């Protein structure tokens, strides 16, 4: 006997229908013969467009009307953006499934003429109704929007203004004529919402019209953690409807449910509500463990200084760490003196030729982009970097960077770079600029060594080299390892970050090797 047809209650916005349709398709694929009908329901949040919801009395702006329809039996289940759900849900409703989460990041999208406005030193006005984003985003963008160092005095500030409305109406604000009262320089939204629209047949036409061709930046979780549960969906039904409960359980994703539960528990500790200037996002790094990014903007309108050191993400290792033992003599390569470098002439010449026709570029270090080469990067090239320091350094040379790997290695970007929304080429069509000792193993088409260590720097007299009797060593790069590996005995405990350095050490046959998300996590483990 085939399951009965199910009615799915959804908001009527393009995004809500897109994410509900995706859930419906998934259920129909998992349960052959099942039919799911979408039932559009207008909510109070959809009707309030003239004020930020953080200033409106009440809650459940996007869920009350859906809940009423579900409890009245007008629909069999509902799909919500999980971050829109209040912390106190009725016992008459069951959270039957939390599907696999989309990427939780925020994304800033900019009007086409923003590069010219930056060059002219104009203030940029971005739209978002989130107090959290108002605390975290403007100062970060001030650091990483492209400009020349000499232009710092003329760089206008970045200011956020309240913006409500559906995703399509927000994107249209970027295409209003300059001088219009509705025109904005940029908007900040959830990446997941745009990705779901792109994956939807009806939403794709809308996104090709409104999103394609605009400059964008994917904001790093370390500085701009997302709202708790952002990117996740909540699928609810009546607890007594056993047949529907059983059907919905098939799309539940336990790791997403667990991560979201942790994030919402932290929000509950802060008192809950959409007025919070609080970000909490937990992500899983295969083979490394989970990272929980937290940031609290407090209860004021003062923007935080993102240039100040940020708290390290809370790390839960994939495999519990044993105590490091006694008589520790640690050497931290992340704090070692950097050796001098020189350009690789052939690589610099090759990069100049390649950049003129590149479509996607990964710059592995600020020194990997040769001096003067920033002007050879066409505006259409998608540039990505390993971390915020390199992002900022390239911004000061006028390069527009779209995002970073948060110091977790190129492999950590695999899911992000594969998102159809970003319209990036396959990995074999990328260009990578890197160090001469790090050209092996890149999953990219054209890897170019543009710099190397200056000759004559022998390991023994080099300042900052690890002592021969070190018990624990943290390698900050594969080049550092190759330079000083011969100084150490066979019993040393090696450590490094994920990504290229770890892959290099593993290929070199290094024993006693552990991977840590950041050097601070290694230092914490050792107690140094």
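The values are calculated or read from the model by the stated rules, or taken from the named source; none is laboratory data. It should be emphasised that the depicted structure is a prediction, and the values quoted were computed from it without experimental measurement. Cβ sites come from the backbone with ideal geometry, for glycine too, and all protein chains shown count toward neighbours.
Each row is one residue, and each column tells you yes or no for (1) at pLDDT 95 or above; (2) in contact with a helix residue (DSSP H, G or I) (Cβ under 8 Å, 6 or more places away or on another chain); (3) outside the structural domain of residue 80 (by TED's automatic domain parsing).
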| position | (1), (2), (3) |
| --- | --- |
| 131 | no, yes, yes |
| 146 | no, yes, yes |
| 160 | no, yes, yes |
| 182 | no, yes, yes |
| 189 | yes, yes, yes |
| 192 | yes, no, yes |
| 201 | no, no, yes |
| 218 | yes, yes, yes |
| 221 | yes, no, yes |
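Residue by residue, here is whether (1) surrounded by fewer than 22 Cβ atoms within 10 Å (Cβ to Cβ); (2) more than 29 Å from residue 315 (Cα to Cα) holds:
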site	(1), (2)
428	yes, yes
437	yes, yes
446	yes, yes
468	yes, yes
473	no, no
481	yes, no
487	yes, yes
508	yes, no
Just a yes or no: is a residue in segment 257-271 outside the structural domain of residue 522 (by TED's automatic domain parsing), touching a residue at least 60 places away in the same chain (Cβ under 8 Å) and assigned to a loop (DSSP other than H, G, I, E, B)?
-> no
Are any residues in segment 156-170 part of a helix (DSSP H, G or I) and touching a strand residue (DSSP E or B) at 6+ places or on another chain (Cβ under 7 Å), and if so, which ones?
-> 167, 170
Residues that are at pLDDT 90 or above, assigned to a loop (DSSP other than H, G, I, E, B), farther than 21 Å from residue 342 by Cα and under 34 Å from the mean Cα position of the chain (by Cα), drawn from segment 459-510 | 497, 498, 508, 509, 510
State yes or no: is residue 240 assigned by TED's automatic domain parsing to the domain that holds residue 68, over 17 Å from residue 101 (Cβ atoms) and in a loop (DSSP other than H, G, I, E, B)?
-> yes
Give 240, 165, 231 a once-over and let me know the one that is surrounded by fewer than 17 Cβ atoms within 10 Å (Cβ to Cβ) and at pLDDT 95 or above.
-> 240
Does segment 179-210 hold any residues that are touching a residue at least 60 places away in the same chain (Cβ under 8 Å), out of contact with any strand residue (DSSP E or B) (no Cβ under 7 Å at 6 or more places or on another chain) and either assigned to a helix (DSSP H, G or I) or buried (at least 19 other Cβ atoms within 10 Å of the Cβ) (or both), and which are they?
-> 192, 193, 195, 196, 197, 198, 199, 200, 202, 203, 206, 207
In segment 1-101, which strands (runs of 3 or more DSSP E) lie fully inside it and hold 2 or more residues that are at pLDDT 90 or above and either out of contact with any strand residue (DSSP E or B) (no Cβ under 9 Å at 6 or more places or on another chain) or closer than 24 Å to residue 206 by Cβ (or both)?
-> 6-10, 36-40, 77-81
Across segment 330-356, what is the number of residues that are under 27 Å from residue 289 (Cα atoms), out of contact with any helix residue (DSSP H, G or I) (no Cβ under 6 Å at 6 or more places or on another chain) and either modelled with pLDDT under 95 or part of a helix (DSSP H, G or I) (or both)?
-> 2
Residues located in segment 20-33, provided they are within 26 Å of residue 62 (Cβ to Cβ) and in contact (Cβ under 8 Å) with a residue 60 or more places away in the chain = 21, 22, 23, 26, 27
So which of 125, 109 is outside the structural domain of residue 43 (by TED's automatic domain parsing), in contact with a strand residue (DSSP E or B) (Cβ under 6 Å, 6 or more places away or on another chain) and over 26 Å from residue 17 (Cα atoms)?
-> 125
Selection within segment 423-458 - in a loop (DSSP other than H, G, I, E, B), out of contact with any helix residue (DSSP H, G or I) (no Cβ under 8 Å at 6 or more places or on another chain) and either within 13 Å of residue 362 (Cα to Cα) or free of Cβ contacts under 8 Å to residues at least 40 places away in the same chain (or both) | 425, 426, 430, 439, 456, 458
